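Presented below is the structure to which this report refers.
The values are calculated or read from the model by the stated rules, or taken from the named source; none is laboratory data. All of these numbers come straight from a predicted model, not from anything done at the bench. All Cβ positions, glycine included, derive from the backbone under ideal geometry; neighbour counts span all protein chains shown.
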Amino acid sequence: MRGCEIMKKFLTLLLVLLICLSAAGMVFPGPGDRISVMVIGEAVLFDQPPIVVDGRTLVPLRAVLEKVGATVGWDDQTKTITVTKSDTELTLIIDSQTMQVSGEPDVLLDVPPQVYNGRTLLPIRAVAEKLGYDVEWNVETRTVVIEETGTVMVPGHANTQITGVRNWAGVSSVQQFRYMDEGLAYAIVRDNRLLITTPGETFSIEMKYPKLGDVVSDEDGNFYVVWGRDNNTSNNTTETVFISKYSQEGEHVATTGFRGESRMGANGNTKEPFASGGCVSAFGNGYLMVNYARGMYNGHQSNNVVGVRISDMSPFVWNNVWDVPYVSHSFNQSVIWSGAAREFIYADHGDAYPRGVVINRHGNNRSMLLFHFYLEANANFNMGIVNRTFAQLAGLAETSTGVALVGASAKSIGNAAKTENQNLFVQIFDPRASRVSSSMFTGGEARRGATSTDINDNRNSPLTNVTDYGVIWLTDYTDTDVIAPQVVTADDRLVILWSTANDTCYMVLSASGEVLTPATSLDGLPLNSYEPPIYHDGAIYWAVVRNGRLNIRCIEINVNRLTD
């Protein structure tokens, strides 16, 4: 309660930031001029407009610090102000030019905090920079601009975090991937060029085709880009999906094109790549395999899998089209190389045939339905009914125990699923299993219910009893949904990220699914909903776009604390 009492006392004051405009690139606004303040692209509204006193610009403190997620404490007895954000705490004393910074040497201020006409003034430049922000003065618009340090402006790019549960996934506006042993790299499209940023450099390449599906890098630092182009003709032999290889320097090596053949025949080839779903890639055994969503010439939607041998970019050739993993109405996809099975494992979120999370082993045309989605009887091909699966696929990740299938779902397989919140779950299974049985799972419990298995049913046919094995429920929300969960392996642990209606969270599990770090708030830190995060050197990294600004985020899972 002491913190609440301090805040109550603090909120009774009209605290004000003093913007110290240095001679280097900054000018003093003249008296009477209206001054605005922008924090991370949003205008700050004040109960008292910014004013100029003796050539210095004063701005109300509380509104600015709330925008950057900082908290402020005030000790009236010692006249001490504390500003806290994440692991940084700043301590300032009225009329003292020394600012204490947690874990760093003291900072000598040009202007000390002071009380002016009953108002407390602080030097914003020193405070903002220590909190991880840059302060600039726009002379033309007379605007104080505060942005996070390292921000890349990407106007027009969609936010990477989705809001609310969606029936199908998509391709993120920022592709992210691990680059050799250096950490996170990312790629974005700007001005019809693909910009790839590694920890060491940024370079651009031409957009060979108009649609971007995925960008990844192999252990030697070569880049692979999955492209697509829609075919607006009826020529179903046209190549519409492409994999291009580039050297470390960004030089084009080769491009391989695909028609997207499957068991559906020529009219089941790919007409519209990345439609109503995503595009994911994985390396293994000298190959790069891509599992992507697509629209077909027959008017239906499914997944498709293509691949190349990375040494010479020759296409992977299936023994026959029945070996190509196929899930009708696949609205989210995952693929990993399994060290235990020594083959690729594919997961798809299907709402038709089969309906549920479907696992396919590479080259084995027998699919396994591990997690069922409820469907009421008499759906009669009503897509408003069929497309609602009451579940979401996060993806696959492998530990020493097995392969983890992570997702979110209503807990029931029955009519109750329509009103239940979607909660986080994991199933850990043996990737070498060839048929579904309880023995292939580690831990968990059985999830039983009844569902229709025919999206065309118009006879009110009886429901079919089904069972999902090895389900471990990780959350128990009753007032919000898990939204767009993600999973990544980290030192034989599983790290799961997700959002809710009001927050973002993460959790750490052991290799066998035991909760090591329970659901922990990220204080609203935005996520990259359709791109798996990257693990590197004890931390989880991801790239995020919000309001036309790109930033890198990080969770240090070794100490279970957030860094920004």
Margin query: Just the residues that are under 14 Å from residue 551 (Cβ atoms) and among the hydroxyl-bearing types (Ser, Thr, Tyr), please, taken from the range 517-541.
Written below: 541
Checklist line | Index of the failed condition, residue 369 passing every other in (1) within 13 Å of residue 396 (Cβ to Cβ); (2) touching a Pro at 6+ places or on another chain (Cβ under 6 Å); (3) not small (Gly, Ala, Ser) | finding: (1)
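Taking the range 271-287, which residues are part of a strand (DSSP E or B) and touching a Gly at 6+ places or on another chain (Cβ under 6 Å)? Spell out the reasoning first.
Looking only at the range 271-287, we keep the residues that are part of a strand (DSSP E or B), and these are 271-273, 279-284, 287.
Within the range 271-287, 271, 272, 273, 279, 287 meet the criteria.
Go through the range 362-404 and count every residue that is in contact with a His (Cβ under 6 Å, 6 or more places away or on another chain) and without any contact (Cβ under 8 Å) to a residue 60 or more places away in the chain. Steps first, please.
Within the range 362-404, the subset in contact with a His (Cβ under 6 Å, 6 or more places away or on another chain) is 393.
The next check asks that each one be without any contact (Cβ under 8 Å) to a residue 60 or more places away in the chain; those that pass are none.
Number of matching residues: 0.
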Check: In the range 89-111, which residues are loosely packed, with under 15 Cβ neighbours inside 10 Å and charged (D, E, K, R)?
Finding: 95, 104, 106, 110
Checklist line | Given (1) touching a Pro at 6+ places or on another chain (Cβ under 6 Å); (2) among the hydroxyl-bearing types (Ser, Thr, Tyr); (3) at pLDDT below 95, index of the condition residue 234 fails | finding: (1)
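Quick one: is residue 199 free of Cβ contacts under 8 Å to residues at least 24 places away in the same chain and either within 19 Å of residue 228 (Cα to Cα) or assigned to a loop (DSSP other than H, G, I, E, B) (or both)?
Numbers: free of Cβ contacts under 8 Å to residues at least 24 places away in the same chain: yes; either within 19 Å of residue 228 (Cα to Cα) or assigned to a loop (DSSP other than H, G, I, E, B) (or both): yes.
Yes; evaluated as a whole, the condition is true for this residue.
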Next item on the list: Go through (1) of a type outside the set (A, V, I, L, M); (2) in contact (Cβ under 8 Å) with a residue 40 or more places away in the chain; (3) over 24 Å from residue 533 (Cα atoms) and name the single condition residue 155 misses.
Entry: (3)
Margin query: So the check is Cβ under 6 Å with 6+ separation or different chains; which pairs have a first residue in the range 308-332 that's touching a residue at least 12 places away in the same chain (Cβ under 8 Å) and closer than 26 Å to residue 531 by Cα and a second one that's part of a loop (DSSP other than H, G, I, E, B) and of a type in the set (A, V, I, L, M)?
Written below: 328/352; 329/352; 332/169
Margin query: Anything in the range 205-244 that is surrounded by fewer than 20 Cβ atoms within 10 Å (Cβ to Cβ) and of a type in the set (Ser, Thr, Tyr)? List them, or say none.
Written below: 233, 234, 237, 238
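Somewhere in the range 64-85, is a residue more than 28 Å from residue 43 (Cα to Cα), touching a helix residue (DSSP H, G or I) at 6+ places or on another chain (Cβ under 8 Å) and either in contact (Cβ under 8 Å) with a residue 40 or more places away in the chain or not in a strand (DSSP E or B) (or both)?
yes
Within the range 489-539, can you find the residues that are touching a Lys or Arg at 6+ places or on another chain (Cβ under 7 Å) and farther than 23 Å from residue 471 by Cα? Break it down into steps so the answer makes sense when it comes.
We begin by selecting, within the range 489-539, every residue touching a Lys or Arg at 6+ places or on another chain (Cβ under 7 Å); these are 508-511, 516, 525-526, 534, 536.
Residues satisfying the conditions are 525, 526, 534, 536.
Can we say residue 417 is of a type outside the set (Val, Ile, Thr), at pLDDT 95 or above and closer than 30 Å to residue 342 by Cβ?
Working: of a type outside the set (Val, Ile, Thr): yes; at pLDDT 95 or above: yes; closer than 30 Å to residue 342 by Cβ: no.
No: the conditions fail for residue 417.
Can you name the strands (runs of 3 or more DSSP E) wholly within the range 467-564 that have at least 1 residues being closer than 26 Å to residue 277 by Cβ and in contact (Cβ under 8 Å) with a residue 40 or more places away in the chain?
Numbers: elements: 483-490, 493-499, 504-509, 515-521, 534-536, 539-546, 549-556, 561-563.
Those strands (runs of 3 or more DSSP E) span 483-490, 493-499, 504-509, 534-536, 539-546, 549-556.
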Checklist line | Given (1) closer than 26 Å to residue 286 by Cα; (2) not in a loop (DSSP other than H, G, I, E, B), number of the condition residue 189 does not satisfy | finding: (1)
Check: Among the residues of the range 389-396, is there at least one that is buried (at least 21 other Cβ atoms within 10 Å of the Cβ), over 17 Å from residue 481 (Cβ atoms) and within 27 Å of the chain's Cα centre (by Cα)?
Finding: yes
Next item on the list: Please find, among 328, 262, 247, the residue that is surrounded by 18 or more Cβ atoms within 10 Å (Cβ to Cβ), within 28 Å of the chain's Cα centre (by Cα) and either among the polar types (S, T, N, Q) or farther than 27 Å from residue 391 by Cα (or both).
Entry: 328
Margin query: I need the full set of residues from the range 195-237 which are touching a strand residue (DSSP E or B) at 6+ places or on another chain (Cβ under 8 Å), more than 22 Å from residue 336 (Cβ to Cβ) and of a type in the set (Asp, Glu), in order please.
Written below: 206, 230
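So, in the range 337-351, of the ones that are of a type in the set (A, V, I, L, M) and buried (at least 24 other Cβ atoms within 10 Å of the Cβ), which residue ends up nearest to residue 296 (Cα to Cα)?
Applying the first criterion (of a type in the set (A, V, I, L, M)) to the range 337-351 yields 340-341, 345, 347.
Checking which are buried (at least 24 other Cβ atoms within 10 Å of the Cβ) leaves us with 345, 347.
Values: 345: 23, 347: 20 Å.
Checking each candidate, the answer is 347.
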Item checked: Verdict on residue 177 being at pLDDT below 95 and either farther than 19 Å from residue 273 by Cα or in a strand (DSSP E or B) (or both) -> no
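Does residue 399 count as modelled with pLDDT of 95 or more, over 24 Å from residue 454 (Cβ atoms) and hydroxyl-bearing (Ser, Thr, Tyr)?
Working: modelled with pLDDT of 95 or more: yes; over 24 Å from residue 454 (Cβ atoms): yes; hydroxyl-bearing (Ser, Thr, Tyr): yes.
When the stated conditions are applied, residue 399 passes them.
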Check: Within the range 485-499, is there a residue that is at pLDDT 95 or above, touching a Cys at 6+ places or on another chain (Cβ under 8 Å) and hydroxyl-bearing (Ser, Thr, Tyr)?
Finding: yes
